[in-house]
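To start, the structure itself, in C-alpha cells.
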Amino acid sequence: MEWTDKRLVRIAILDLYEGIPNEGMRCIREIIKQWSIANNINVKKDEFDVRLKNELPDTSYDIYISSGGPGDPLASRYDDWDIAWCRWLNEIERWNNNPSNTQKKFIFFICHSFQLASRYFNIGLVYKRKSPAFGVFPVHMLEAGKTEPVFDGLRDPFYVVESRDYQVIQPHHDLLNEMGAKILCIEKSRPHVPYERAAMAIRFNEYMIGTQFHPEADAPGMSKYLQTEEKRKTIIENHGEEKLNSMLTRLNDPDKIMWTYSHIIPNFLNQSVEQLHGELV
C-alpha cells in the first residue's frame with residue numbers, strides 16, 4: 001500500500017526505559033523505518049528520554065508512541081517525570097477534544113505506558129501480579145477486538161511477548177462506556193488458578209490505544225537478545241530453562257510473534273495517517 005504522494009509524518013517516541021538496556025526502542029525504530037519505506041512516507045522522528053531527562057514532546061507531532069519500561073506504575077505517581085507524562089497526556093487529550101483542531105493526535109501506549117494510561121483514565125485496577133508474566137503467550141480477542149482496525153489481520157487467539165509485573169483488572173465498565181473506551185483482548189484463560197484475566201489491550205478513545213504486551217517485539221532480535229550469556233542466565237535463574245526454550249521455540253514460529261509484529265503497530269500507523277492525510281491507495 002502506498003499513499004498517492006510522499007507526505008511528512010512527525011512521530012515522537014517517548015522512551016520510558018530509564019536508561020536500562022532493552023530491545024523495545026530498537027524494535028520501535030525498525031518498525032517505523034520499515035513502514036515508512038514500504039508506504040513511501042517521509043518520517044520526521046524524534047525521541048524523548050522521559051524518566052532520566054524529563055523530556056516530553058509538544059503538540060507539533062502527528063503520532064506518539066510511548067514505550068514500555070521498568071518499575072512500579074503506582075509508586076511513581078509523585079515523581080516529576082510521571083507528573084509531567086500525565087500533564088503531556090492531558091494536553092494531547094485537550095487538543096483532540098478541541099473541535100477547532102481538525103488535525104488530531106494519535107497515541108500508542110506499550111506495556112508500562114499502558115499501565116500509566118490505565119491509571120490516568122481510571123479504567124480499572126492497576127495491580128501487582130502474584131508472579132511476573134514473562135514469555136510468549138496467547139491472548140484472546142473480545143468482540144471489540146474483532147472489529148478493531150489496529151487488530152486487522154490477527155487471528156484469535158494471537159501470540160504476544162509479555163514481560164510485566166503488573167496488570168489491569170476489574171475494569172470500570174460504566175466509565176469505559178462513558179468514555180467510549182473498549183477492552184479489545186484479555187490474557188489466556190487459566191482455569192486452574194483463581195485469578196481474574198487481565199486486560200491486554202484497550203482502545204481508550206478514537207485516537208488512543210494501548211497494549212499490555214509488546215507488539216514491537218521482533219523474533220530475530222528477541223531471540224538473539226535472550227541468548228546472550230547475561231540474559232540467558234537471568235531467565236534461567238528466574239523462570240527456568242524450560243521457559244527459555246519454550247519462548248525461543250515460539251519466537252521462531254512465523255505465525256506467532258512475527259505475525260503480531262508485522263500487523264499491530266503498522267496497522268496503527270496506517271490508520272493514523274489515513275485519518276491525517278486520507279485513504280490509502
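The values are calculated or read from the model by the stated rules, or taken from the named source; none is laboratory data. In this text the structure is predicted, and so the values were computed from the model without any measurement. A quick note on method: Cβ atoms are made from the backbone with ideal geometry, for glycine too, and the neighbour counts reach across all protein chains shown. Accessible surface is based on the protein model in full, side chains and every heavy atom, while ligands, DNA and RNA are left aside. Shrake-Rupley method; radii C 1.70, N 1.55, O 1.52, S 1.80 Å.
What are the residues in region 8-32 that are outside any helix (DSSP H, G or I) and open to solvent by less than 10 Å² (accessible area, probe 1.4 Å), if any? Hits for region 8-32 are Val9, Ile11, Ala12, Ile13, Leu14, Leu16.
Could you please let me know if Tyr64 is out of contact with any Asp or Glu (no Cβ under 9 Å at 6 or more places or on another chain), open to solvent by less than 60 Å² (accessible area, probe 1.4 Å), under 25 Å from Tyr166 (Cα atoms) and not polar (S, T, N, Q)? So Tyr64 fits the description; yes.
With respect to Pro171, determine if the residue is in a loop (DSSP other than H, G, I, E, B) and under 21 Å from the mean Cα position of the chain (by Cα). So Pro171 fits the description; yes. For Tyr78, the conditions (1) in contact with a strand residue (DSSP E or B) (Cβ under 6 Å, 6 or more places away or on another chain); (2) aromatic (Phe, Trp, Tyr); (3) more than 16 Å from Ala199 (Cα to Cα) are fulfilled apart from (1).
Restricting region 123-157 to residues that are open to solvent by 60 Å² or more (accessible area, probe 1.4 Å), charged (D, E, K, R) and not in a loop (DSSP other than H, G, I, E, B) leaves a set whose member that is farthest from Asn205 (Cα to Cα) is Lys130. Go through region 229-281 and give me each residue that's within 24 Å of Ser131 (Cβ to Cβ), out of contact with any Lys or Arg (no Cβ under 9 Å at 6 or more places or on another chain) and either open to solvent by less than 30 Å² (accessible area, probe 1.4 Å) or not in a helix (DSSP H, G or I) (or both). Within region 229-281, Gly240, Met247, Leu248, Leu251, Thr260 meet the criteria. Of the residues in region 101-111, at least one is modelled with pLDDT of 95 or more, buried (at least 22 other Cβ atoms within 10 Å of the Cβ) and of a type in the set (A, V, I, L, M).
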